[in-house]
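J.: Let me begin by handing over the structure; questions about it come next.
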Amino acid sequence: MDLPKRKTDIGPPNYRDFLPPVISKNYGDWKYHEVLSPGVMVHHAGSGEKIWTVRVASPRLLSTDTVRELADIADKYCGGYLRFTTRNNVEFLVSDEAMLCPLQLELNDKKYMIGGIGPRISNIVHTQGWVHCHSAATDASGLVKALMDEFADYFTTKELPNKVRLAVACCTNMCGAVHCSDIALVAIHRKAPKVNHDSVKNTCELPSTIAACPTGAISPDSSKKSVKINDDKCMYCGNCFTVCSCLEINNPDFDGVAIVAGGKVGSLRSDPKFSRLVVPFIKNNPPRWPEVVEAVSNILDAYAAGAKKHERVGEWIERIGWEKFFRITGLKFTYQHIDDFTIARETFRTSAAFKW
Ligand code: SF4
Ligand code: SF4
């Protein structure tokens, strides 16, 4: 069926307008793919035609210059066709096999890391962090840089039992894919916001500020023409700070990172899984977060040594049992790992969806 040609500003343009001609021509008839090297794969169509993919890591926060450079490389070697994956890898889609080598040479020359395909880590997806978002409890891009420097070999050459997806979210709003990644970091606040009373009365609307709190912890403080926060009801979500910047939640002494593990999106071999808490808190230690890097490294090493071929992190943990997972990784099992109904009932801190 012919697609309507009109252009509007409503919604994204039709993705079919951006497919490389060889994909359009063989649409729905792609049979299988082969991984040729850590950063190159080829897809075969029923007609015998092929398309090659060359994957590189991106720095995630991209300058205009980097985007222009990527676009220029795509123009030169693959008719301008490239795509960004959900993990922010950049994939050049090459229809002419003769272009494969020169493309890789130029990417190497320009210091792009080629890899991330097959049983290894791909680019680490992360959220905005201190660079951009006001409620961030950590610097997502700095943390990911520290991790990626440590694990770069697992992107370019070294193999793991299966693919390992890493993610970082810089607060519990969790714009990143933390709940469904093999190993992920989620930054957390641990103190109720501090109210700057002088500014509240000049800057914030009290009704919307009070209504922003999912646990009903904020109430009017008429003596100060401001609001007060009941610490016992606060779950440190930062929602109020989004509405009223005078409720300062960022705290250099108490903000940091929790680590979760075992999530996955795919339904191959086992159902999709949510990640579970493995490390409740590590204090922010910029610029290189050595404690976080060491903890993630421990989990990755234990997985690489103990998992069977094709087992994802979550499948490996379920096979050996969580008790053994904590024993071999040396991670401490603490009361924060126990999500029981008593805590929820007595503190109301574990859900944003209850009613008083
Ligand atoms: S995860 Fe939180 S702090 Fe990070 S970008 Fe999203 S809302 Fe902002
Ligand atoms: S629960 Fe969230 S919205 Fe309510 S006071 Fe605490 S940080 Fe603010």
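The values are calculated or read from the model by the stated rules, or taken from the named source; none is laboratory data. Just so it is clear, the structure is predicted and the values come from calculations on it, not from any experiment. Note: ideal-geometry Cβ built from the backbone for every residue, glycine included; neighbour counts use all protein chains shown. Remember, those area values only see protein heavy atoms, side chains included, never the ligands or the DNA or RNA. Shrake-Rupley method; radii C 1.70, N 1.55, O 1.52, S 1.80 Å.
J.: Rounded to the nearest 20 Debye, what is the dipole magnitude of the range 1-112 about its Cα centre when Lys and Arg each give +1 and Asp and Glu each give -1 at the C-beta?
T.: Numbers: 15 positive and 15 negative charges, 71 e Å.
Dipole about the Cα centre, nearest 20: 340 debye.
J.: Turning to a different aspect of this structure: Angle, helix 64-78 long axis vs. longest principal axis of the chain, Cα atoms, 0 to 90°, nearest 10?
T.: The angle comes out near 20 degrees.
J.: Leaving out ligands, DNA and RNA, and with a 1.4 Å probe, what % of the accessible surface on the range 258-297 is carbon or sulfur?
T.: Of all accessible area on the range 258-297, carbon and sulfur atoms account for 60 percent.
J.: Helix 290-306 versus the longest principal axis of the chain: what angle, 0 to 90°, nearest 10, using Cα atoms?
T.: 50
J.: Another question, then. Filter 145/283; 31/110; 191/324; 194/233; 233/283 down to the pairs with a C-alpha to C-alpha distance above 25 Å, please. Write out the running numbers ahead of the final one.
T.: Details: 145/283 17 Å; 31/110 34 Å; 191/324 33 Å; 194/233 14 Å; 233/283 23 Å.
Exceeds cut-off: 31/110; 191/324.
J.: When the chain is modelled as a GNM with alpha-carbon springs shorter than 10 Å, which of 15, 77, 335 fluctuates the most?
T.: Most flexible of the set in this elastic network: 15.
J.: Per 10 Å bin, what is the whole-percent P(r) computed from every C-alpha pair distance within the range 38-194?
T.: Using 10 Å bins, I get a P(r) of 11, 36, 32, 16, 5, 1, 0 for the range 38-194.
J.: What accessible area, in Å² to the nearest ten, does a 1.4 Å probe give for residue 130?
T.: Looks like 130 Å² after rounding.
J.: For the Cα atoms of the chain, what angle does the longest principal axis make with the long axis of helix 100-109, in degrees from 0 to 90, nearest 10?
T.: 50
J.: For the chain, list log₁₀ I(q)/I(0) at each q in 0.15 Å⁻¹, using the Debye formula over Cα point scatterers of equal strength and ignoring solvent, two decimals each.
T.: Computed log10 I(q)/I(0) values: -1.27.
J.: Which residue, 143, 185, 268, tops the fluctuation ranking in a GNM of the chain built on C-alpha contacts under 10 Å?
T.: 268
J.: What order do 99, 41 take when sorted by accessible area (1.4 Å probe), most exposed first?
T.: On the way: 99 60, 41 25 Å².
Order by accessible area, largest first: 99, 41.
J.: After finding the eigenvalues of the alpha carbon gyration tensor for the range 1-112, what semi-axes result from the square roots of 5 times each, listed largest first in whole Å? Intermediate values should be presented prior to the final figure.
T.: Details: eigenvalues 113, 88, 29 Å².
Ellipsoid semi-axes (Å, largest first): 24, 21, 12.
J.: Return the single residue from 122, 270, 58 with maximal mean-square fluctuation; model: Gaussian network over the chain, springs between Cα atoms under 10 Å.
T.: In this elastic network of the chain, the residue with the biggest mean-square fluctuation among 122, 270, 58 is 270.
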